[in-house]
Each structure stands twice: as C-alpha cells, then as structure tokens.
Amino acid sequence: MTTTYLAADWDRLGSTFLEAIGDTLVMVSVTMIIGGLLGLVIGVLLYTTRSGGVLQSKPVYWVLNVLVNFIRPIPFIIMIAMFAPLTLSVVGTTIGRSAAIFIMCIAAAFAVARIVEQNLVAIDPGVIEAARAMGAGPWKIISTVILPEALGPLVLGYTFIFIAVVDMSAMDGYIGGGGIGDFAIVYGYRAYDLEVTYAAVIVIVIIVQIAQLLGNWLSRKILRR
Amino acid sequence: MSEPVTAPPRTGTRIEFRDVTKVFTNQRKAETRAVDGVTLTVEPGEILGVIGYSGAGKSTLVRLINGLDTATSGQLLLDGTDVIGLSEAKLRSIRTGIGMIFQQFNLFHSRTAAGNIEYPLKLSGMGKAERKQRVAELLDFVGLGDKGRNYPEQLSGGQKQRVGIARALATNPSLLLADEATSALDPETTHDVLTLLREINREFGITIVVITHEMEVVRSIADKVAVMEAGKVVEYGSVYEVFSDPKTAVAARFVATALRNTPDQVEAEDLLAHDGRLFTVDLTEESGFFAAAAQAREDGASISIVHGGVTTLQKQSFGKMTVRLNGPEEAIETFRATLARTTDIQEITR
C-alpha cells in the first residue's frame with residue numbers, strides 16, 4: 001500500500017511552525033503560572049478547610065469541593081464554549097491567544113486544585129500538630145510546614161498537569177489560539193500532510209519529555225532520593 | 001545574647017486541673033467523655049507521670065494543657081491563668097512557653113536537625129545570628145553536636161527524639177509535655193531519653209508531664225503518678241505510694257508490670273504443684289519478716305524463698321517476697337499471724 005501526500009514545504013511553513021511552537025510555550029507557561037498558583041490556593045484551601053484542618057470551615061470546604069467537582073469533568077473543548085460569556089467580559093474577546101489562555105487557566109486551576117489537595121492529604125498530621133504546639137498560626141503552618149513538607153510530590157503533580165495543559169493548548173486552535181496543535185490541524189490534518197503532523201507530534205513529545213525529566217529531577221532533589 | 005542552655009534554674013509552670021471534662025461528639029452525635037471530671041495539681045518543677053491503657057484519655061488530658069484540644073468544662077490553670085476558653089491567638093502565645101515531644105517525634109522532614117530546632121526560634125522572631133548560636137548550644141546539649149546538617153531520615157529513633165527534645169526546649173519553656181515520648185524507642189534508648197528528661201528537669205526546674213503506658217517510665221523519672229481509666233484519674237500519689245501500695249486494680253496491674261515481684265498466674269500454678277503453703281509478704285523496713293521467719297524455723301517449719309524482688313524508689317526500698325512453708329500447721333499459722341500485724345501477707349491458693 002502506498003500513501004501519497006504532498007511533500008511538506010518547510011521553506012514556506014518553517015517560520016509558521018516556529019511561531020506555533022512559541023505560541024504553545026507562551027500559552028503553556030502562562031497557564032502553568034497563573035492557573036498553577038490559582039490551583040495551589042484552591043487546593044490548599046480544600047485541604048485546610050476540611051474537618052480537622054487548620055482553617056476548618058464546613059461551608060468553604062463544601063462550596064469549593066462542589067465547584068471543583070462541577071468544573072473538572074467538563075471536557076476542555078466544551079469549556080471553551082461554556083465560558084465564552086465570562087471570557088468576553090474578562091478578556092474582551094472570545095477568540096485569540098489571550099482568550100485561550102484565560103480558559104486554560106480556569107481549567108488548569110481546578111485540575112491543579114485536586115492534585116494539590118491529594119498530595120497535601122498525605123502529609124503526616126503529626127508535623128502540623130507539632131507546629132501548632134510550638135505556637136504557629138494557620139498561615140504560618142501553611143507556608144512553613146504544609147507546603148515545604150509536600151513540595152516533592154507537588155512538583156510531580158505539577159509535571160503531570162503540564163502535560164494536560166499541553167493537551168489543552170492543542171485545542172485552542174478552535175478559537176484561533178494558535179500553537180502547535182493548531183498548526184498540526186491546519187497544515188497537517190486539513191492539508192493531508194502527514195509529515196507536518198508528525199513534525200508537530202515530535203515537538204510536543206520533546207517538550208513533554210523535557211518537562212517530565214525536569215520535574216523528576218527536581219522532585220528527586222527535594223525528596224533527597 | 002541568647003540565654004545559654006545552662007541558665008540558672010527557672011520556676012516551672014504550676015498546673016491546676018479543676019473538674020476538667022472533655023467531651024468529644026462524633027458525627028452521629030454520640031458523646032465520648034475522654035476526660036471526665038479531672039482535678040489534679042502539678043507543682044512547679046515536678047514530674048508527673050500519667051499512666052493508663054490506650055483510650056484512657058491521657059493524651060487528651062495533656063493536649064488540653066496547651067490547648068491543642070479545648071476542654072468542655074472546668075478550669076485549667078497554668079500559673080493561675082485559665083486556658084479554657086482563651087482565643088486561639090492567646091493560646092498561641094501560651095504555647096510558645098510550653099515544649100512538647102511526641103511518640104513519632106513529628107520532625108519536619110523538609111528540614112535538617114538544625115532546621116527543626118531553629119523553627120520555634122524563627123516563630124519567636126529571634127534574629128539569625130542568635131538563632132544559629134542557640135541551635136548549636138541545643139544540639140550540643142542533647143549530644144548531637146555533629147548532626148545538625150542531617151535530615152530526620154538520616155537519624156536513629158533516639159537521635160530523632162533528641163532533636164525533638166532540643167526543639168521543644170529551644171524557646172526556654174517552663175513546661176514540657178511528653179506524649180508517649182519513649183514508646184517508639186528500644187529499652188536502652190528509652191533509658192537515655194528518660195535520663196535526659198530528668199536532667200532537664202533538675203537543671204532548669206521545668207515542670208514535666210509524661211504520658212505513658214509503661215510503668216517503668218513512671219518509675220524511672222516521675223515524682224507523682226496519676227493513673228487514668230475511662231477518662232478519670234482513679235489513683236494519684238507519689239510514685240512510692242502508688243508502687244508500694246496501689247489502691248485500685250488498674251494501678252496494681254501497672255505496678256506489677258514494672259516490678260514483677262509477685263508470681264503471675266502461670267508461675268503461681270507451677271509453684272503450687274509442690275508441697276507446702278505459699279505466702280506473699282510485703283517487705284518494708286519495718287515488716288519484721290526475718291524475725292517471723294526465724295520463729296517459724298524454731299517451731300519446726302522449713303521456709304524457702306520462691307519468688308520476689310526488692311527495689312528502691314524515691315530513696316526508699318520496698319518489695320515483695322513469696323515464700324514456701326512446710327511443717328507443723330501451728331508454726332505456719334503463727335508465722336502468718338505475726339506478719340499480718342506488721343505488714344501485708346497473703347496466701348496463694350488455687
């Protein structure tokens with residue numbers, strides 16, 4: 001069986017491809033920073049407001065928990081449509097890179113929140129009790145005990161989320177967000193150019209590999225293993 | 001300058017429980033009285049041992065002192081200040097004056113030994129240079145001068161507890177709470193840690209409350225002992241009083257575990273397989289045991305020691321001895337009657 005396809009014209013596509021890679025990197029990094037921080041805050045609140053936590057509060061925990069459970073299962077592509085009105089009021093437009101980043105941040109924040117919470121639950125409650133016995137208040141305990149004690153697993157959790165965010169960025173093509181995913185669809189899939197698609201896949205795999213190696217290395221260093 | 005570790009003796013905290021009760025309510029609204037109407041005073045500089053089986057409420061009792069749990073009713077005075085009902089902020093400032101050590105050590109895994117000891121100093125707002133000096137002093141004091149850079153997982157159990165103790169002492173507390181602090185340690189390390197606690201108590205005059213389920217711990221360091229059962233303090237007294245004359249069954253059981261000077265059931269049955277009658281006699285300095293034994297021999301009975309032990313507690317010795325008597329009934333009865341007047345004597349029968 002032979003497959004015929006047009007040889008990719010890298011002279012023409014080269015600069016577009018590079019631009020797409022740049023777009024992906026920007027979208028993913030901004031999402032990791034903003035969505036990651038937001039998720040960290042929500043995750044820490046989920047952990048500390050649950051019963052027995054240092055900021056124990058049933059209503060806050062309940063609201064956050066329901067919110068996270070509500071948003072997390074929504075497929076990203078539907079989230080783009082669903083959040084369009086919100087995106088419009090915050091970003092001013094529902095298309096383009098900024099709009100894409102906005103929705104990615106929301107989606108990432110809630111995914112990160114659960115992962116943060118799950119990693120914090122594993123902390124030995126004894127060390128928190130020890131800090132309390134020494135007179136540390138809740139915010140001190142969060143910043144000087146909870147986060148440092150869970151840092152290694154948290155780094156791995158963020159590495160895991162990084163891949164999900166790269167995956168999200170591929171779908172941003174639908175609202176003109178650009179990026180490698182968009183490039184692969186427009187110049188690869190729709191142009192029946194498998195070579196372009198493969199090139200896009202290889203670049204994504206490389207980015208993910210680098211992130212995973214970096215995450216593993218960092219967490220090992222933190223955990224001293 | 002920070003206060004050197006070898007500071008002149010301070011006054012320890014005086015703790016006064018007045019009818020303190022702690023009720024836990026679970027999700028199904030079922031109530032558990034973890035601490036039930038406890039009234040107890042710990043004098044400054046005293047070491048109180050709180051002993052009881054698990055679930056007796058001893059951990060809760062001690063957690064009420066530094067407000068990790070809040071009592072439901074009663075008064076709990078620390079040097080005259082009632083901690084029950086204080087705001088979390090006020091409790092935090094009280095906690096900085098109370099050190100606490102734990103069964104599982106509860107060291108921060110993300111910090112080195114030195115970092116762990118430094119933590120309460122950072123909380124107290126001490127400057128960096130001062131902190132460094134104080135940490136070095138404390139590491140030396142607990143005998144870990146060269147282990148400051150080690151992380152908890154690189155230390156043995158005994159070393160971890162020493163770090164825990166140094167951390168608890170960092171802010172010069174006048175009260176130290178030890179929650180089963182030696183229960184995860186082997187006997188030799190337990191002995192070292194207890195010796196260190198005793199040293200701390202003698203040197204700084206710190207009041208210490210030790211929770212344990214091992215009577216041996218109470219015996220080696222406590223001045224007073226409170227025996228807890230089902231949330232209540234069922235027996236309280238000096239260690240000598242409770243050891244030499246336990247009033248409740250639970251106290252007697254604990255004392256027996258530490259002294260082993262009366263034959264247990266299996267041993268008693270083995271002993272009863274032979275001829276003669278068995279008596280367990282309390283030995284005190286005035287018991288008159290030797291005179292009674294000499295008399296029994298004169299009356300034609302033979303007497304042999306089959307079990308027993310004598311120990312020294314708080315500078316007084318006491319013990320129990322189980323003896324076997326063979327011979328004329330009258331001689332044996334005289335022996336029993338004589339000792340019954342001066343001490344406690346009990347016959348072991350099937």
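Readers should treat all values here as calculations from the given coordinates under stated rules, not as data from a laboratory. Quick caveat: nothing in here was measured; it's all calculated off a predicted structure. So basically every Cβ, Gly included, is an ideal-geometry build from the backbone, and we count neighbours across all protein chains shown.
What residue among A:Glu117, A:Glu129, A:Glu195 shows peak mean-square fluctuation when chain A is described by a Gaussian network model with Cα springs under 10 Å?
A:Glu129
Would you mind computing, in nm to one decimal, how far apart the modelled labels at A:Trp217 and B:Lys122 are, each placed 7 Å from Cα along Cα→Cβ?
2.7
Charges on Cβ only, +1 for Lys and Arg, -1 for Asp and Glu, centred on the Cα centroid of the protein assembly as shown; of A:Val186, A:Phe70, B:Ile65, which one is farthest towards the dipole's positive end?
Checking the options against the dipole of the protein assembly as shown, the answer is A:Val186.
Suppose every K and R has +1 on its Cβ and every D and E has -1 on its Cβ; what is the size of the dipole of region B:265-348 about the Cα centre, in Debye to the nearest 20?
Here region B:265-348 has a charge dipole of around 280 debye.
Among B:Val210, B:Gly85, B:Leu196, which residue has its Cα furthest toward the positive end of the charge dipole of chain B, with +1 on Lys/Arg Cβ and -1 on Asp/Glu Cβ?
Towards the positive end, the residue furthest out is B:Gly85.
If you wrap region B:99-167's Cα atoms in a convex hull and average its projection over all directions, what's the area in nm²?
4.2
Which residues in region B:307-330 have a backbone N closer than 12 Å to a point placed 7 Å from the Cα of B:Asp299 along the Cα-to-Cβ line?
Only B:326-330 fall inside the zone, counting backbone N under 12 Å.
Within a 10 angstrom radius of each residue's Cβ in B:99-111, how many Cβ atoms of other chains show up on average? Whole number is fine.
Neighbouring Cβ atoms belonging to other protein chains average 5 per residue here.
What is the order of A:Asp182, A:Asp172, B:Asp275, fewest Cβ neighbours within 10 Å to most?
Taking fewest neighbouring Cβ atoms as first place, the list is B:Asp275, A:Asp182, A:Asp172.
Go ahead and run the numbers for FRET between B:Thr312 and A:Ile210, Cβ-Cβ distance against an R0 of 41 Å, rounding to 0.05.
Plugging the Cβ-Cβ distance into 1/(1 + (r/R0)^6) gives 0.05.
Dipole magnitude of region A:12-223 about its Cα centre, charges +1 at Lys/Arg Cβ and -1 at Asp/Glu Cβ only, in debye to the nearest 20?
500
Which value in Å does the Kirkwood hydrodynamic radius of the protein assembly as shown take, with 1/r averaged over all unlike C-alpha pairs and then inverted?
Computed over Cα pairs of the protein assembly as shown, the Kirkwood hydrodynamic radius comes out at 29.1 Å.
Just the C-alpha atoms of chain A: what Rg/Rh do they give, with Rh taken as the Kirkwood radius?
1.07
Relative contact order for region B:106-223: what percent, with Cα pairs under 8 Å and sequence separation of 6 or more?
After rounding, I find 26 percent.
Taking B:Lys224 as the anchor, which lysines have their alpha carbon closer than 24 Å to its alpha carbon, excluding any fewer than eight residues away along the same chain?
Hits, sequence-local ones excluded: B:Lys22, B:Lys58, B:Lys232, B:Lys247, B:Lys315, B:Lys320.
So what is log10(I(q)/I(0)) for region A:160-216 at q = 0.14 1/Å, when the Debye sum runs over its Cα atoms only?
-0.38
On a 0 to 90 degree scale, rounded to 10, what angle separates helix A:58-71 from the longest Cα axis of chain A?
Compared with the principal axis, the helix lies near 10 degrees.
For B:Lys22, enumerate residues with amide H under 5 Å from its amide H, sequence gap 5+ or separate chain, H modeled in the peptide plane.
Amide H to amide H, under 5 Å and 5 or more residues apart or across chains, B:Lys22 pairs with B:Ala34, B:Val35, B:Asp36, B:Gly37, B:Thr72.
Using each residue's phi in region B:195-205, evaluate 6.51 cos²θ - 1.76 cosθ + 1.60 at θ = phi - 60° and report the 3J(HN,Hα) Karplus result to the nearest Hz, with x for Gly and Pro.
Couplings: 4, 4, 4, 4, 4, 4, 4, 5, 6, 9, x Hz.
When a/c is below 1.5 the answer is rounded, else prolate if a/b is larger than b/c, else oblate, so apply that to region B:127-178 with a ≥ b ≥ c taken from the square roots of the Cα gyration tensor eigenvalues. Present the calculation step by step, with values, prior to reporting the outcome.
Details: a/c = 2.12, a/b = 1.13, b/c = 1.88.
Note, shape of region B:127-178 comes out oblate.
Grab the beta carbon distance between B:Asp344 and B:Glu43, set R0 = 41 Å, and tell me the FRET efficiency rounded to 0.05. Kindly include the intermediate steps, with their values, before the conclusion.
On the way: r = 30 Å, r/R0 = 0.73.
After rounding, the FRET efficiency stands at 0.85.
Taking only the alpha-carbon positions of region B:229-311 and ignoring solvent, what does the Debye formula give for the base-10 log of I(q)/I(0) at q = 0.19 Å⁻¹?
With one equal scatterer per Cα and no solvent, log10 I(q)/I(0) is -0.99.
Any idea what angle helix B:157-169 forms with the longest principal axis of chain B, computed on alpha-carbon atoms, 0 to 90 degrees, nearest 10?
Once rounded, the angle reads 60 degrees.
Express the relative contact order of region B:265-348 as a whole percentage, based on alpha carbon pairs under 8 Å and six or more residues apart in sequence.
Across region B:265-348, relative contact order equals 42 percent.
What's the magnitude of the charge dipole for the protein assembly as shown around its Cα centre, counting Lys and Arg as +1 and Asp and Glu as -1 at the beta-carbon? Answer in Debye, nearest 20.
1740
If you restrict to DSSP beta bridges whose two residues both lie in the protein assembly as shown, what percentage is antiparallel, to the nearest 5?
Approximately 70 percent, going by the DSSP bridge assignments.
Using Cβ counts within 10 Å as a stand-in for footprinting exposure, how do A:Met32, B:Met215, A:Met82 rank, fewest first? Before the final figure, lay out each step's value.
Working: A:Met32 21, B:Met215 24, A:Met82 14.
In increasing order of surrounding Cβ atoms, one gets A:Met82, A:Met32, B:Met215.
Quick check: from the Cα gyration tensor, does region A:95-156 come out rounded (a/c under 1.5), prolate or oblate? The partial results should precede the final answer.
Details: a/c = 3.97, a/b = 2.61, b/c = 1.52.
Since a/c reaches 1.5 and a/b is larger than b/c, the shape of region A:95-156 is classed as prolate.
Name all residues of region A:104-146 having a backbone nitrogen under 19 Å from the label point set 7 Å from the Cα of A:Ile33 along its Cα→Cβ direction, giving them as ranges.
A:104-110, A:112
Looking only at region A:128-161, which residues have a backbone nitrogen under 20 Å from a spot 7 Å from the Cα of B:Leu86 in the C-beta direction?
Hits in region A:128-161 for B:Leu86 at 20 Å: A:129-141.
For each of A:Tyr198, A:Tyr47, B:Tyr236, count neighbouring Cβ atoms within 10 Å of the residue's Cβ, then give the residues from fewest to most.
A:Tyr198, B:Tyr236, A:Tyr47
Could you tell me which of rounded, prolate or oblate describes region B:1-135, using a ≥ b ≥ c as the square roots of the eigenvalues of the alpha-carbon gyration tensor, with rounded for a/c under 1.5 and, failing that, prolate when a/b is larger than b/c and oblate otherwise?
The shape class here is prolate.
Label-point separation (nm) for B:Glu188 and A:Val63, each offset 7 Å from Cα along Cα-to-Cβ?
Going by the 7 Å Cα→Cβ label model, 5.9 nm.
Within chain B, what percent of beta bridges assigned by DSSP are antiparallel, to the nearest 5?
70
Using 7 Å Cα-to-Cβ label points, what is the B:Lys247/A:Phe160 separation (nm, one decimal)?
5.8
Pairs of Cα atoms under 8 Å, at least six residues apart: use those to get the relative contact order of chain B, whole percent.
The value is 18 percent.
Could you calculate the contour length gain from A:Ser51 to A:Trp139, that is, 0.36 nm times the residue separation minus the distance between their Cα atoms, to one decimal place in nm?
Residue separation times 0.36 nm, minus the Cα-Cα distance, leaves 30.0 nm.
Normalised by the empirical 2.2 N^0.38 Å for globular proteins, what value does the Cα Rg of chain B take?
The value comes to 1.20.
Between B:Val217, B:Val266, B:Val310, which gets the highest mean-square fluctuation from a Gaussian network model of chain B, Cα cutoff 10 Å?
Among B:Val217, B:Val266, B:Val310, the largest GNM mean-square fluctuation belongs to B:Val266.
May I ask you to work out the translational diffusion coefficient for region B:265-348 at 10 °C, viscosity 1.306 mPa s, via Stokes-Einstein with Rh from the Kirkwood sum over Cα pairs, reported in whole µm²/s?
121
What is the Cα centroid distance between region B:167-206 and region A:148-225, reported in whole angstrom?
52
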